[in-house]
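Scroll down for the structure; my scribbles are underneath it.
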Amino acid sequence: MCVNKSGVKVPETLKPANNKRRKCEDPEEDAESEWTIGDVMKKLLEMDARYTNLSEKYENQVKITDELKSQVMDLQNKLEHEIDGREQRKLQNNVLVKGISQTEDNENLEDLVKNIGNVLKVEVKNIKAFRLGKGQRSGAAHPAPIKICFDSKQAKDKFWEAKKKTRLTTKDLGYENSSLIEPIYIDHDLTRRN
């Protein structure tokens, strides 16, 4: 800190009006290089103007950032919806059959699905069938579902309409050895989002 002739302490980083640095060693310097209240006020006003300008720029950047975040979220939601729609269209020919325990390691799922079709009184052909996850043996709490992939949406729709007319159970498929008659559920194959 420097001291001017009046005995007021002035920070040495402030420049006087003539842009010369104040020398701390000589407080009795000529009047031309001393800070006046007007000089200090002028500096304060300049700093206030810069602060106001920076504050406005900051507020504008915050608004722009918020708008960009909102746009990114909207685009992300649209993209996720589009991807989900595409994935769901790929699954439109499929159904899941739940409630049938795996009876043997090399079970023939296509014959099992044809047997379901016979019970439902609908012809089942040109299908692919497989268990999802690990197949669980008879008596397991939740057997792994069977995924049936039909070759067309029309074939799947016929199967779906026929299943609405019949309550299917394990007894209908010849699982008479099991202690309980369990219901068999047939559901659409949906994406995780649905």
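Inside segment 143-194, residues that are hydrophobic (A, V, I, L, M, F, W, C), buried (at least 17 other Cβ atoms within 10 Å of the Cβ) and part of a loop (DSSP other than H, G, I, E, B) make up a count of 3. For segment 62-104, a tally of residues being touching a residue at least 24 places away in the same chain (Cβ under 8 Å) and of a type outside the set (S, T, N, Q) returns 10.
When only residues in segment 124-142 that are surrounded by 15 or more Cβ atoms within 10 Å (Cβ to Cβ) and farther than 15 Å from residue 114 by Cα count, which is modelled with the highest pLDDT? If we take residues in segment 124-142 being surrounded by 15 or more Cβ atoms within 10 Å (Cβ to Cβ) and farther than 15 Å from residue 114 by Cα, then 131 is modelled with the highest pLDDT.
Every residue, every condition in (1) closer than 25 Å to residue 180 by Cβ; (2) at pLDDT below 90; (3) touching a His at 6+ places or on another chain (Cβ under 9 Å), yes or no:
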| site | (1), (2), (3) |
| --- | --- |
| 69 | no, no, no |
| 78 | no, no, no |
| 82 | no, no, no |
| 86 | no, no, no |
| 92 | no, no, yes |
| 107 | yes, yes, no |
| 111 | yes, yes, no |
| 120 | yes, no, no |
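The values are calculated or read from the model by the stated rules, or taken from the named source; none is laboratory data. Being a predicted model, the structure only gives us computed values, none of them experimental. When we count neighbours, we look across all protein chains shown, and the Cβ atoms used for this are built from the backbone with ideal geometry, even at glycine.
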